[in-house]
Amino acid sequence: MRHTKARNPGPLRRSAGGDNVSENNSNASELWNEDLAPTAPDHRTWRWHHYAALWTGMVVCIPVYVLAAGLIEQGFSALQAVGMVLLGNAVILIPMVLIGHSGTRYRIPFAVVVRSSFGVRGNKLPAFLRAIIACGWFGIQCWVGGSAIYAIGNILLHGALVGPKIGWLGIDLGQSTCFLAFWAMHLYFIARGPESIRWIETFSAPVKILIVLALLWWAYSRAGGFGAMLFAPSQFSAGGEKAGKFWVAFWPSFTAMVGLWSTLAMNIPDFTRFAKTQRDQYIGQAIGLPLPMAALAFVGVAVTSATVSIYGKAIWDPIDLASRMEGVAVAIGLAIITIDTLCVNLAANTVGPAYDFSAIFPKHVNFSRGGYITAVIGVVIMPWRLIESTQGYIFTWLIGYGALLGPVLGIMLADYWLIRRGRLNVNDLFKTDGQYQYRNGWNPSAIAAFVIAVLPNIPGFLTIAFPRQFQWVPGGFKEIYNYAWFVGVFISMLVYVPLMAGERQRLDADLPMEQV
């Protein structure tokens, strides 16, 4: 699908915001293609319920279902864990709607918005970082979906898919086949663009809600209640194993909750560029993100608590749980997990990197080709090995990429709201000789702010990811890393704003408020 009308024969095309966006000048091929250009009016069709459905579709997934498990293992009670999920997502909602404002107002994707801060060539750095992280998530979700198909096949064929592991792969033929089969499902939607993704998310969201409620009812009725785990006190209570250490555990866990959607907070313009109005993206995101996140975390805890009574032990993995159900419910449950993982992966880990790769190579890569690149990298990284080698889902993976992308988000917020006050020259975002040229297309202020904001978190990350090799790192850096996302956001803003003071004064004098 194309997001703009067909090319005009003349040298200029009227953009969404009223700017003349050049298609045929000598610089255009380096910065412009139809998928990056401002969204045409006839594609601005997303209303608030589409965004609510989009977020509900992304939120209702296996990683969110098991999210509270990691918090409970840290010592929090079930209700504390659910509360932290709610609070963390209420916090990330703020930059989500603020960055989303630029997409709705100027009808451009993240990789073009970020040109105003990093430069028309410097945008390739945040686009690349965002794309690579999304490729990792894409591969991991494909492995989860493929595992569900593998489980269904073994149930229906009485274990016929199980075989010896292929040496260099580390998985058997059945696992690799199921993984590739699930991976191939994504190609259909990649070829048809974001509109097809909106359709499947809008269709699947209410179905997912009904399924979650049915699962909750099944657990309650089978166990005769939700069990003791749901109401057990935290280990931080007086007399508990970790009494008095609540805040020590709270901040790194809370930072991870915020970091969970930090990638989407950056590239949310990829979706809000299709919004009918600002009100639609504000309301839709506010309804679709915090409450469904907390609700699913509660369902995960409640159902798992009930499994203690039903099966004699806590079962957090929904694939394992579905495989224990009786009769046709097994295959149905696993099929639902497969479809659910497909919907989440398309929205959260395909749209963003597809635009990012398109922005890095606009002359050769459009949205579909960017999606195919994402899919290929998702296979090459061997996600099953990535999962095996990543110790600590919360403290290594979630905080780690939050520490990396938080500075980019801080720079974007500072640039759009504090420096430019919501004003962008859309035409110059597609020029190599416009106001976003800076130095050879790179903004030194943004690069400096990014590096300075990332540096304090590197020692702490190394001690968490490789504890044996970096035992010598002072404890203060570990403490800083507990607040990695917040540290990255705030340091980048504090550094970027004074470095760009001259640019702000020039804008106040020369650039009129854009009427959009």
If we scan segment 235-251, do we find a residue that is more than 25 Å from L321 (Cβ to Cβ), among the acidic types (D, E) and at pLDDT 90 or above? no
Subset of segment 40-76, residues of a type in the set (G, A, S) and in a helix (DSSP H, G or I), comes to A52, A53, G57, A68, A69, G70
Determine whether segment 196-205 contains at least one residue that is among the aromatic types (F, W, Y), surrounded by fewer than 20 Cβ atoms within 10 Å (Cβ to Cβ) and within 26 Å of V60 (Cα to Cα). yes
Selection from segment 206-229 of residues assigned to a helix (DSSP H, G or I) and either farther than 21 Å from A322 by Cβ or among the hydroxyl-bearing types (S, T, Y) (or both) yields Y220, S221
Counting only residues that are within 18 Å of I319 (Cα to Cα), open to solvent by 30 Å² or more (accessible area, probe 1.4 Å) and of a type in the set (G, A, S), segment 161-189 contains a total of 1
Failed item in (1) modelled with pLDDT of 95 or more; (2) more than 28 Å from N33 (Cα to Cα), with L67 passing the rest: (1)
Identify, from the list P383, P318, the residue that is open to solvent by less than 10 Å² (accessible area, probe 1.4 Å) and touching a residue at least 60 places away in the same chain (Cβ under 8 Å). P383
Residue satisfying condition, being touching a strand residue (DSSP E or B) at 6+ places or on another chain (Cβ under 8 Å) and of a type in the set (G, A, S), within set A275, A181, A265: A275
Take the conditions surrounded by 14 or more Cβ atoms within 10 Å (Cβ to Cβ), without any contact (Cβ under 8 Å) to a residue 12 or more places away in the chain and either of a type outside the set (F, W, Y) or out of contact with any Cys (no Cβ under 7 Å at 6 or more places or on another chain) (or both) and apply them to L462. Does it pass? yes
Among (1) in a loop (DSSP other than H, G, I, E, B); (2) closer than 30 Å to E241 by Cα; (3) out of contact with any Ser or Thr (no Cβ under 9 Å at 6 or more places or on another chain), which single condition is G122 missing? (2)
Hey, among the residues in segment 397-443 that are of a type in the set (V, I, T) and open to solvent by less than 10 Å² (accessible area, probe 1.4 Å), which one's modelled with the highest pLDDT? I411
With the condition kept exactly as written, say whether any residue in segment 464-481 is at pLDDT 90 or above and among the hydrophobic types (A, V, I, L, M, F, W, C). no
For segment 282-294, name all the residues that are buried (at least 20 other Cβ atoms within 10 Å of the Cβ) and out of contact with any His (no Cβ under 8 Å at 6 or more places or on another chain). Y282, Q285, G288, L289, P290, P292, M293, A294
Can you find a residue in segment 101-110 that is open to solvent by 10 Å² or more (accessible area, probe 1.4 Å) and in a helix (DSSP H, G or I)? yes
Quick one: count up the residues across segment 220-249 that are under 30 Å from Q285 (Cα atoms) and either of a type in the set (D, E) or surrounded by 14 or more Cβ atoms within 10 Å (Cβ to Cβ) (or both). 2
Just the residues that are modelled with pLDDT of 90 or more, within 27 Å of the chain's Cα centre (by Cα) and not β-branched (V, I, T), please, taken from segment 159-200. Q175, S176, C178, F179, L180, A181, F182, W183, A184, M185, H186, L187
A348 passes all but one of the listed conditions (1) within 28 Å of R121 (Cα to Cα); (2) out of contact with any Gly (no Cβ under 8 Å at 6 or more places or on another chain); (3) open to solvent by 10 Å² or more (accessible area, probe 1.4 Å); (4) assigned to a helix (DSSP H, G or I); the exception is number (3)
Just one of T338, T374 is part of a helix (DSSP H, G or I), out of contact with any Leu (no Cβ under 7 Å at 6 or more places or on another chain), crowded, with 24+ Cβ neighbours inside 10 Å and not small (G, A, S); which is it? T374
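Okay, residues lined up against (1) open to solvent by less than 20 Å² (accessible area, probe 1.4 Å); (2) more than 21 Å from the chain's Cα centre (by Cα); (3) among the basic types (K, R):
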site: P63; (1), (2), (3): no, no, no
site: A68; (1), (2), (3): yes, no, no
site: E73; (1), (2), (3): no, yes, no
site: F76; (1), (2), (3): yes, yes, no
site: L93; (1), (2), (3): no, no, no
site: V114; (1), (2), (3): yes, no, no
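The values are calculated or read from the model by the stated rules, or taken from the named source; none is laboratory data. Owing to the predicted nature of the structure, the values given are computational and were not obtained by experimental measurement. All Cβ positions, even for glycine, are placed from backbone atoms using ideal geometry, and neighbour counts span all protein chains on display. Each accessible area value is taken on the protein alone, full model and side chains, heavy atoms only, with ligands, DNA and RNA left out. Shrake-Rupley method; radii C 1.70, N 1.55, O 1.52, S 1.80 Å.
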